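A short write-up of the structure that comes next.
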Amino acid sequence: MSSELENYLTVALKRLEKAYKEVLKTQGYTAEAERIKILTEIVKEQGNHENTGTAAR
Amino acid sequence: MKILVLQLARLGDIYMTWPALNAIKRSNPDCELHLLTRSKFHAATEGLRAVDRYIHLPIQFLLEPLIRPVLSIDSSVERIEKFIDALKAENYDWIINFTSSPSSSYLTHAISRETTKVTGYTRHSDGFLAIPDEVSAYFYAQAGVGTANRVHLTDLFISMLGLEYVESDWTAPTFASRNFDLPSKYIVAHIGASEAKKTLPPFKWARVLKNFFDHNLETPIVMIGAPNERNLGEAIEAGVSRGKVINFIGQTTLPEVFSLLTGAQMLIGCDSAPMHMASLTNTPCLNLSFDAVNFWETGPKSTRSYVYKVGFPEDVISEEVGLAMHKILQGEDPEILIKRSGGLASYQLPVEDKGELFQWNLIKALYLGEEFPITDDLQFCQAIDKLNDINNLACDHIRQIPDKGLEAMAPLIERGDEVMNALVRVVPSIVPFVRWYQTEKLRIAPGTREEVSLRTLEVHEKLQRILSVYVVEDSIKTHDSTFKE
């Protein structure tokens, strides 16, 4: 993975986590919170952490 | 019946799922079977006849709004919402999640409806991990690299479905093959893997092949690998001065790999897609396995296969592997190798490690009702005593919640869990008990305070009964000390 892409994903991850906390605070665990969480986890699984075959706790 | 299977891991995992997909279709011939995989690994579904509809998780499309100088979370959320809504509209009767990732668990929950039967990881309504079936709970608690689990992933998959395999579930597809112009006998060597720590460096590969050719000059080796592994292949070729090496690295499609494996005497390689494709073609394998993987879970399933297991690639003794390859071709059983066998654990070790065997027997006792193994390990027994004390205290604390309140008791209960975790670090042999306990607590669904307290107490009481097998009764301890006096 290029370092440029990795930088974008790092920034995206921070923003997604912040957005998730905000939604939880204002609306609770809603469908929107779940969508943001899915995107967050997909971002985390990119690049070096791509192997999703091992158990995620 | 409409069934969705999620397999969002990599190529090898998708091939390991083929037999379960075939079993689903065989057992439910009228069902409509859909398979969700990542777009990137879609090629691993080519030739799979059991599936009626293939769906791809379009990761690039979903993440594209986030990979811009001015990223847009709203755009990505809109895209994932459309994707989820389209799948939710399918109204699946059964969703089976064979992936053990967080993203797959959230997706499974998002796509399922109230009436959908779910197997595998999903989420509770509050977003916490939910594990509805016992086999997935076993997987969560006991499977993974460095664990004592010996059940193969393919066997866990079929158990999750409540089915059993038949021979026809393990069939490779047939494709119109290109003419490789190969002799009637050859070995395939898959020289790559998804990660460097799972395979050998080129000079090691060269030495392995050279050592094989020292015993057998007649059988050529056909090297396969991904296009980005071409340099590796060239380096290996340069290091082999005798024998015939045919370099097909970066020149084969996955269907062509199936054809190559079907005609091969043997495949040698690490934990990767061709190894799992060979399980379908029933090509004998010599699997080079390292500590980065758990061969019990992801080793070769073809009959007459073997595993050469060392800690790291640099520990491989090329002479041993070269000789083993030769012996396997001769129909001999190399004594140093782990051998493919039948049964719950798919392999037979040449020499058992006492500690590992004890842990595996503990797991079988916990989950399959087999007899708990006897031990004279004092450290283990003392740890069990301590665990029992912590657990009894936790039971007392939970029973006091109605009187003293959750706010007062919760920190004490949490402290008990912390002490358990610390105990596991000191005495790892009690891991199967603690992981069982932690998983059962995690599986408690959201509910009222009373409901959750009751379910939690039930888990602790079950742990008491389990631990009682190894707990020395206080009366016996007193008698013992009296006897010593």
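Residue-wise test of (1) assigned by TED's automatic domain parsing to the domain that holds B:Ile390; (2) buried (at least 18 other Cβ atoms within 10 Å of the Cβ); (3) aliphatic (A, V, I, L, M); (4) at pLDDT 95 or above.
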| site | (1), (2), (3), (4) |
| --- | --- |
| B:Met409 | yes, yes, yes, no |
| B:Thr448 | yes, no, no, no |
| B:Arg455 | yes, no, no, yes |
| B:Leu463 | yes, yes, yes, yes |
| B:Tyr470 | yes, yes, no, no |
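Checking the condition part of a loop (DSSP other than H, G, I, E, B) and more than 30 Å from B:Ala176 (Cβ to Cβ), which residue from B:Arg68, B:Arg49, B:Arg79 passes? Let's see the steps before the verdict.
On the way: B:Arg49 fails: more than 30 Å from B:Ala176 (Cβ to Cβ); B:Arg79 fails: part of a loop (DSSP other than H, G, I, E, B).
Criteria check complete, one pass: B:Arg68.
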Yes or no: the range B:375-385 includes at least one residue that is farther than 30 Å from B:Ser346 by Cα, in a helix (DSSP H, G or I) and touching a Gly at 6+ places or on another chain (Cβ under 8 Å). no
Inspect the range B:39-52 for any residue being facing chain A (nearest Cβ under 9 Å), in contact with a Lys or Arg (Cβ under 7 Å, 6 or more places away or on another chain) and modelled with pLDDT of 95 or more and give the result as yes or no. no
Answer yes or no as to whether B:Gly120 is within 14 Å of chain A (Cβ to nearest Cβ) and either on the phi > 0 side of the Ramachandran plot or charged (D, E, K, R) (or both). yes
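Taking the range A:1-48 as the region of interest, how many residues are of a type in the set (Asp, Glu) and within 8 Å of another protein chain (Cβ to nearest Cβ)? Lay out the reasoning, then the answer.
Step one: list which residues in the range A:1-48 are of a type in the set (Asp, Glu), which gives A:4, A:6, A:17, A:22, A:32, A:34, A:41, A:45.
Narrowing further to those that are within 8 Å of another protein chain (Cβ to nearest Cβ): A:32, A:34, A:41, A:45.
Qualifying residue count for the region: 4.
Among the acidic types (Asp, Glu), free of Cβ contacts under 8 Å to residues at least 40 places away in the same chain and over 22 Å from B:His42 (Cα atoms): is that true of B:Glu332 in this structure? Explain how you work it out, then say what you get.
Numbers: among the acidic types (Asp, Glu): yes; free of Cβ contacts under 8 Å to residues at least 40 places away in the same chain: yes; over 22 Å from B:His42 (Cα atoms): yes.
So B:Glu332 passes the test.
Conditions tested, residue by residue: (1) surrounded by 18 or more Cβ atoms within 10 Å (Cβ to Cβ); (2) in a helix (DSSP H, G or I).
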{"site": "B:Ser75", "(1), (2)": "no, yes"}
{"site": "B:Phe83", "(1), (2)": "yes, yes"}
{"site": "B:Ala86", "(1), (2)": "no, yes"}
{"site": "B:Glu90", "(1), (2)": "no, no"}
{"site": "B:Ser100", "(1), (2)": "yes, no"}
{"site": "B:Ser104", "(1), (2)": "yes, yes"}
{"site": "B:Arg113", "(1), (2)": "no, no"}
Pull up the range B:259-274, narrow it to residues that are under 17 Å from B:Val310 (Cα atoms) and assigned to a strand (DSSP E or B), then point me to the one that is farthest from the chain's Cα centre (by Cα). B:Ile268
Would it be correct to say that B:Arg242 is free of Cβ contacts under 8 Å to residues at least 24 places away in the same chain and either of a type in the set (D, E, K, R) or part of a strand (DSSP E or B) (or both)? no
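Select from the range B:296-309 the residues that are of a type outside the set (Ser, Thr, Tyr) and in contact with a Ser or Thr (Cβ under 8 Å, 6 or more places away or on another chain) and write down the one among them that is farthest from B:Phe258 (Cα to Cα). Steps first, answer last, please.
Of the range B:296-309, the ones of a type outside the set (Ser, Thr, Tyr) are B:296-297, B:299-301, B:304, B:307, B:309.
Among the residues that remain, those that are also in contact with a Ser or Thr (Cβ under 8 Å, 6 or more places away or on another chain) are: B:296, B:299-301, B:307, B:309.
Working: B:Trp296: 23, B:Gly299: 18, B:Pro300: 15, B:Lys301: 15, B:Val307: 21, B:Lys309: 25 Å.
That would be B:Lys309.
The values are calculated or read from the model by the stated rules, or taken from the named source; none is laboratory data. For clarity, every value in this text was computed on a predicted model and none was experimentally measured. Reconstructed Cβ throughout: ideal geometry from the backbone, glycine too, with neighbour counts over all protein chains shown.
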